[in-house]
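Read the structure below first, then the notes.
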Amino acid sequence: MTQAPIRLDIFSDPVCPWCYVGKANLDRALAAHPDHPFQIQWHPFQLNPDMPPEGVAKRAHLEEKFGGKARVDAVHDRLREAARAAGVDMNPDKPQRMPNTLNAHRLIHWAGIEGVQSPVVTALMRAYWVEGRDIGDLSTLADIAAENGMDRATTLRLLQSDADADDIQARDQDARRKGVNSVPTFLIAQQYVVSGAQPSETWEGVISELAGRTE
């Protein structure tokens, strides 16, 4: 019997390192269960909604946020360890800018319309956390779109406009009103909430449980 599709709504931000780790863990579980029932949709949540459009220097921003260099170094060491466990490369010191991610979320929205949402989310996270690219830069975002089968010129033209900006901000605020206060947050079948970068074993258990309910 073919299992009915189940929505998996994911609230994330490309500059959230735990979102990158959490996605890697989920991807590993999905790859181990290619018959999984999930239909994935990505939703906007800006960690720093008040970030200036041009972004800020990342290291200085984090040292002010966490209270100094030593604390940032400790956080980065923890992230490296979590990334290795998830099987992904991550260099928390690689990105030099902390961008405003409104435009990245607009790109994710348009990628969903074109059927390449998850690949674009992966590309944005990898661009930032592995390659250190500025994903607040419009040309960089257009390049990432083109690298994933979207039309670069059309994407850049949209990014240079205000298209869907109000909608993305409204969706972000709606998620907060409904209780999303950190990312990644996963909503299964519009009923069950899973928060944080869960290990792949947790997702494999969820998939097996869902399969059992349909047998």
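Screening I144 on (1) modelled with pLDDT of 95 or more; (2) surrounded by fewer than 19 Cβ atoms within 10 Å (Cβ to Cβ); (3) not polar (S, T, N, Q) shows it passes everything except condition (2).
Based on what the data block shows, is F66 crowded, with 16+ Cβ neighbours inside 10 Å and either at pLDDT 95 or above or over 22 Å from V120 (Cβ atoms) (or both)? Answer is no for this residue.
Restricting the first member to region 138-163 and to residues that are over 15 Å from E114 (Cβ atoms), and the second to residues that are of a type in the set (K, R), the beta-carbon pairs closer than 6 Å and six or more apart or on different chains are T140/R133. Please go through region 56-87 and give me each residue that is aliphatic (A, V, I, L, M), over 24 Å from D137 (Cα atoms) and out of contact with any Pro (no Cβ under 9 Å at 6 or more places or on another chain), ordered by number. A70, A74 - these are the residues of region 56-87 that are aliphatic (A, V, I, L, M), over 24 Å from D137 (Cα atoms) and out of contact with any Pro (no Cβ under 9 Å at 6 or more places or on another chain).
Being within 20 Å of F38 (Cβ to Cβ), touching a strand residue (DSSP E or B) at 6+ places or on another chain (Cβ under 6 Å) and buried (at least 18 other Cβ atoms within 10 Å of the Cβ) narrows it down to one residue among A175, A189; which is it?
A175
Against the test of being in contact with a helix residue (DSSP H, G or I) (Cβ under 8 Å, 6 or more places away or on another chain), closer than 20 Å to C16 by Cα and in a helix (DSSP H, G or I), the options V183, V120, V88 yield a single qualifying residue, V120. Among the residues of region 199-215, write down those that are assigned to a loop (DSSP other than H, G, I, E, B) and either touching a strand residue (DSSP E or B) at 6+ places or on another chain (Cβ under 8 Å) or at pLDDT below 95 (or both). Matches in region 199-215: E215 only.
So which residues in region 127-140 are part of a helix (DSSP H, G or I) and surrounded by 18 or more Cβ atoms within 10 Å (Cβ to Cβ)? If the condition is that a residue be part of a helix (DSSP H, G or I) and surrounded by 18 or more Cβ atoms within 10 Å (Cβ to Cβ), then A127, Y128, W129, T140 are the ones that fit.
Which residues, taken from region 163-215, are closer than 22 Å to E81 by Cβ and hydroxyl-bearing (S, T, Y)? Within region 163-215, S182, S195, S200, T202 qualify. Taking the criterion of being outside any strand (DSSP E or B), closer than 25 Å to D93 by Cα and touching a strand residue (DSSP E or B) at 6+ places or on another chain (Cβ under 7 Å), the residues of region 5-38 that qualify are V15, C19. Is it true that A31 is without any contact (Cβ under 8 Å) to a residue 12 or more places away in the chain and either surrounded by 17 or more Cβ atoms within 10 Å (Cβ to Cβ) or under 20 Å from the mean Cα position of the chain (by Cα) (or both)? When the stated conditions are applied, A31 passes them. If I filter region 51-73 for residues that are in contact (Cβ under 8 Å) with a residue 40 or more places away in the chain, within 28 Å of Q169 (Cβ to Cβ), among the acidic types (D, E) and outside any helix (DSSP H, G or I), do I get at least one hit? Within region 51-73, one or more residues are in contact (Cβ under 8 Å) with a residue 40 or more places away in the chain, within 28 Å of Q169 (Cβ to Cβ), among the acidic types (D, E) and outside any helix (DSSP H, G or I).
The values are calculated or read from the model by the stated rules, or taken from the named source; none is laboratory data. All values reported here derive from a predicted model rather than from experimental measurement. Positions of Cβ are generated from backbone atoms using ideal geometry, with glycine treated the same way; all protein chains shown enter the neighbour counts.
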